[in-house]
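Undergrad: The following block contains the structure, expressed as structure tokens.
The values are calculated or read from the model by the stated rules, or taken from the named source; none is laboratory data. The structure presented is a predicted model; accordingly, all values stated were derived computationally and were not measured. Glycine also receives a Cβ, built like all others from the backbone with ideal geometry; neighbour counts cover every protein chain displayed.
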Amino acid sequence: NLGRHGERVKLANAAHAALGKLDQQAFPAVELRRGLDAFCHNAWERWQEAGNTIGDLRPVADPLSYLMAPYVLRGGGTILYGPGGSGKTYLAMIWARCMEGLTDFWPAAPSRLLFVQLERSQETFARRLYRLNLALGIDPEQPLRALCARGRPLRAVASMIEDEVRRSAVDVIVLDSISRAGQGALVQDDVANAIMDTLSGLAPSWVAIAHTSHEGRAEQGSAHIFGSSHFEHAADVTVQVAAEVTGQTLGLMLQVVKANDVPQGEAQYVALEFGPDGLEGVRPAKRREFVSLPDYERGRLPERIMEALLRDGEMTAQALSAMFSRPYGTITRILGQGENFVRTRKEGREQYWGVAART
């Protein structure tokens, strides 16, 4: 420990003892200890500053760049969350195969990827990968670069991940899941910040699976990422998953809830079809195929409008209509109903809206 005088003395004395006699005479132990003290005085601050610089930031006109549209930004972090059994791991695996350039299920830029599997055993994960490859029309023997470390927390394997990212020039890591970070209770803000800092420091871009609170399971539209709100604050994109089982089909709805710099857009639907041996098919689905999912999306829209107004400030109904890809009439109906929204100002014919103050 560099901050402990006794530990520094032991280190300096051990180093001095390892020197040859001539070197010991030329560099006495007391001088070595003094030099080590001087080195350690600002070592922690210098280490924290490594790689960071202060300077003039030049604006750039480059358009947004996706690793996989519309969910994974280049240089960003995405949290994919939903209740247990909602197909999150399969979705993350599909995303991984897309970002590797092996399928065009979602448009993606071919990327070097590492999948960090902390939830499931290597045997189970490998079996799922085989079935997924078949379902996507990929060579069933096509491997996935992965670290399978069930039973070990993220903090215990972070150095392995960092080495692999550096050695293989990894563009994006996929983590299953935040619950296995092993840094403390997820409801604590400092723990959430530490986990997000770890992820952001490991790779240029990341995708992490998270779970929802038990309170959100009864009504899927009310679900939030389990733990501190700082998980959502630190992510660039959060994608909520809702699921419905119909026969042998697991219907999934993906909805962008938070999006920095990108439109939230409409929900997308995916069907995972299962048979006796596991997953057999993956296909885009229609909203009408599933009974409960449309109600989920409709019920979330007022909450999402409120989140957008609180985050971005007052907006017009036209702007909200474009943001959520919903009809203008639907937006104006929601804004005009109840006591949650208020008219703030008017510019010409443009009416601006905000969130009503709570008393």
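Undergrad: Residue under question is residue 327, and the condition is that it be more than 30 Å from residue 61 (Cβ to Cβ), at pLDDT below 90 and either loosely packed, with under 14 Cβ neighbours inside 10 Å or touching a Phe, Trp or Tyr at 6+ places or on another chain (Cβ under 9 Å) (or both); does it hold? Steps first, please.
TA: Values: more than 30 Å from residue 61 (Cβ to Cβ): yes; at pLDDT below 90: yes; either loosely packed, with under 14 Cβ neighbours inside 10 Å or touching a Phe, Trp or Tyr at 6+ places or on another chain (Cβ under 9 Å) (or both): yes.
It is true that residue 327 is more than 30 Å from residue 61 (Cβ to Cβ), at pLDDT below 90 and either loosely packed, with under 14 Cβ neighbours inside 10 Å or touching a Phe, Trp or Tyr at 6+ places or on another chain (Cβ under 9 Å) (or both).
Undergrad: Look at residue 277 and say whether it is over 30 Å from residue 127 (Cβ atoms), surrounded by fewer than 13 Cβ atoms within 10 Å (Cβ to Cβ) and at pLDDT 85 or above. Spell out how you get there, then give the answer.
TA: Numbers: over 30 Å from residue 127 (Cβ atoms): no; surrounded by fewer than 13 Cβ atoms within 10 Å (Cβ to Cβ): yes; at pLDDT 85 or above: yes.
Spelling it out, it is not the case that residue 277 is over 30 Å from residue 127 (Cβ atoms), surrounded by fewer than 13 Cβ atoms within 10 Å (Cβ to Cβ) and at pLDDT 85 or above.
Undergrad: Within region 126-140, work out how many residues are touching a residue at least 40 places away in the same chain (Cβ under 8 Å) and not in a helix (DSSP H, G or I).
TA: The number of residues fulfilling the criteria is 1.
Undergrad: List the helices (runs of 4 or more DSSP H) that sit entirely inside region 1-81 and contain at least 3 residues that are loosely packed, with under 13 Cβ neighbours inside 10 Å and aliphatic (A, V, I, L, M).
TA: In region 1-81, there are no helices (runs of 4 or more DSSP H) which contain 3 or more residues that are loosely packed, with under 13 Cβ neighbours inside 10 Å and aliphatic (A, V, I, L, M).
Undergrad: Can you find a residue that is of a type in the set (Gly, Ala, Ser), assigned to a helix (DSSP H, G or I), at pLDDT below 90 and farther than 27 Å from residue 80 by Cβ anywhere in region 292-300?
TA: no
Undergrad: Scan region 162-188 residue by residue and report those that are more than 26 Å from residue 84 (Cα to Cα) and either surrounded by 17 or more Cβ atoms within 10 Å (Cβ to Cβ) or of a type in the set (Phe, Trp, Tyr) (or both).
TA: If the condition is that a residue be more than 26 Å from residue 84 (Cα to Cα) and either surrounded by 17 or more Cβ atoms within 10 Å (Cβ to Cβ) or of a type in the set (Phe, Trp, Tyr) (or both), then 164, 165, 170, 171 are the ones that fit.
Undergrad: OK, next. Could you check residue 248 against (1) modelled with pLDDT under 90; (2) surrounded by fewer than 17 Cβ atoms within 10 Å (Cβ to Cβ) and say which number it fails?
TA: Unmet condition: (1).
Undergrad: Test residue 64 against the criterion of being more than 16 Å from residue 206 (Cβ to Cβ), touching a residue at least 40 places away in the same chain (Cβ under 8 Å) and touching an Asp or Glu at 6+ places or on another chain (Cβ under 8 Å), and give yes or no.
TA: Yes: the conditions hold for residue 64.
Undergrad: Among all residue pairs at least 6 apart or on different chains, which show Cβ distances below 7 Å where the first residue, located in region 174-191, is at pLDDT 95 or above and the second is of a type in the set (D, E, K, R)?
TA: Close Cβ pairs satisfying both conditions: 176/119.
Undergrad: Take region 141-156 and flag every residue that is buried (at least 19 other Cβ atoms within 10 Å of the Cβ) and either in a helix (DSSP H, G or I) or among the charged types (D, E, K, R) (or both).
TA: Matches in region 141-156: 154 only.
Undergrad: Of the conditions (1) touching a Pro at 6+ places or on another chain (Cβ under 7 Å); (2) in a strand (DSSP E or B), residue 262 clears all except one; give me its number.
TA: Looking at each condition in turn, residue 262 falls short on (2).
Undergrad: List every residue pair whose Cβ atoms lie under 6 Å apart, where the two residues are 6 or more positions apart in sequence or sit on different chains, the first residue falls within region 23-40 and is in contact (Cβ under 8 Å) with a residue 24 or more places away in the chain, and the second residue, located anywhere, is part of a loop (DSSP other than H, G, I, E, B) and surrounded by 12 or more Cβ atoms within 10 Å (Cβ to Cβ).
TA: 40/2
Undergrad: Among 43, 96, which is in contact (Cβ under 8 Å) with a residue 24 or more places away in the chain and closer than 26 Å to residue 143 by Cβ?
TA: 96
Undergrad: For region 115-125, which positions are in a helix (DSSP H, G or I) and buried (at least 16 other Cβ atoms within 10 Å of the Cβ)?
TA: Listed by number, the list holds a single entry, 125.
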